[in-house]
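The structure appears right after this line, and notes come after that.
Throughout, read-outs are computed from the coordinates displayed, never taken from laboratory work. Note that the structure is predicted; figures quoted are calculated from it, not measured.
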Amino acid sequence: MVTNLLIGCSVMVVCLAIQCLAVDALLRLLLAAEKKSLIKATLIGSSTTLTAVMFVMLIGALAQIAMWAGLFVVLAEFQDFATAYYHSAVNFATLGYGDLVMSEDRRLLGALEALNGVLMIGLTTGALFAVLNKLMHRAWNQAAPSETPAQPKRPQDDM
């Protein structure tokens with residue numbers, strides 16, 4: 001059990017690094033688009049931006065699923081990568097079909113991957129929300145700039 005915890009937690013740390021790289025790529029993409037004034041506060045512009053965010057984060061998730069699948073193949077839980085990838089995707093998304101199961105010795109890794117998936121999906125949701133929030137503020141300010149309430153001065157602004 002301890003070995004599986006160490007293996008699983010190590011993979012989770014690498015998965016977090018992968019998702020952080022995806023967020024970094026996303027920020028670079030958004031900043032470049034912003035500098036070129038490509039992000040528009042329109043339905044199509046906002047939808048395109050959110051779709052791009054979703055796909056960048058999805059690429060990160062798919063890479064993590066592949067990493068878990070590779071681990072399962074290395075540990076001889078599955079004979080081929082395609083089956084391991086399917087099992088890994090089911091774990092990562094917390095579907096838990098149960099049509100493929102790992103050995104009793106390694107089944108804790110499946111639970112750790114599910115926990116990893118929940119955490120990474122939460123990170124993706126946070127990124128989508130942050131971008132959506134910015135797009136909504138931009139649209140609001142463009143639609144009604146004079147109706148935007150003045151922000152009260154905060155004491156820390158004087159520092």
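Under the Karplus relation 6.51 cos²θ - 1.76 cosθ + 1.60, θ = phi - 60°, what is the ordered set of whole-Hz ³J(HN,Hα) values for segment 120-125, x standing for Gly and Pro?
Values per residue, Gly and Pro as x: 6, 5, x, 5, 5, 4 Hz.
Can you give the calculated 222 nm mean residue ellipticity of the chain, where each DSSP H run of n ≥ 4 adds -39,500 (n - 2.57) and the sum is split over every residue, rounded to the nearest 500 deg cm²/dmol? Mind dumping the intermediate values first?
Working: 4 runs with 115 residues, N = 159.
Calculated at 222 nm, the ellipticity per residue is -26000 deg cm²/dmol.
Quick check on segment 8-49: what are the equivalent-ellipsoid semi-axes from the Cα gyration tensor, as sqrt(5λ), descending, whole Å?
31, 11, 4
If you plug each phi of segment 131-145 into the Karplus form 6.51 cos²θ - 1.76 cosθ + 1.60 with θ = phi - 60°, what whole-Hz ³J(HN,Hα) values come out, in order, with x for Gly and Pro?
Taking θ as phi minus 60°, the curve returns 5, 4, 4, 5, 5, 5, 4, 4, 4, 4, 5, 6, 6, 9, x Hz for segment 131-145.
Apply the Karplus parameterisation 6.51 cos²θ - 1.76 cosθ + 1.60, with θ equal to phi minus 60°, to every residue of segment 73-80 and state each ³J(HN,Hα) to the nearest whole Hz, in sequence, with x for glycine and proline.
Per-residue couplings from phi come out as 5, 4, 7, 6, 7, 9, 7, 10 Hz.
Based on alpha-carbon atoms only, what is the radius of gyration of the chain relative to the globular estimate 2.2 N^0.38 Å? Please list the in-between numbers first.
Values: Rg = 20.7 Å, N = 159, 2.2 N^0.38 = 15.1 Å.
Normalised Rg, Cα atoms only: 1.37.
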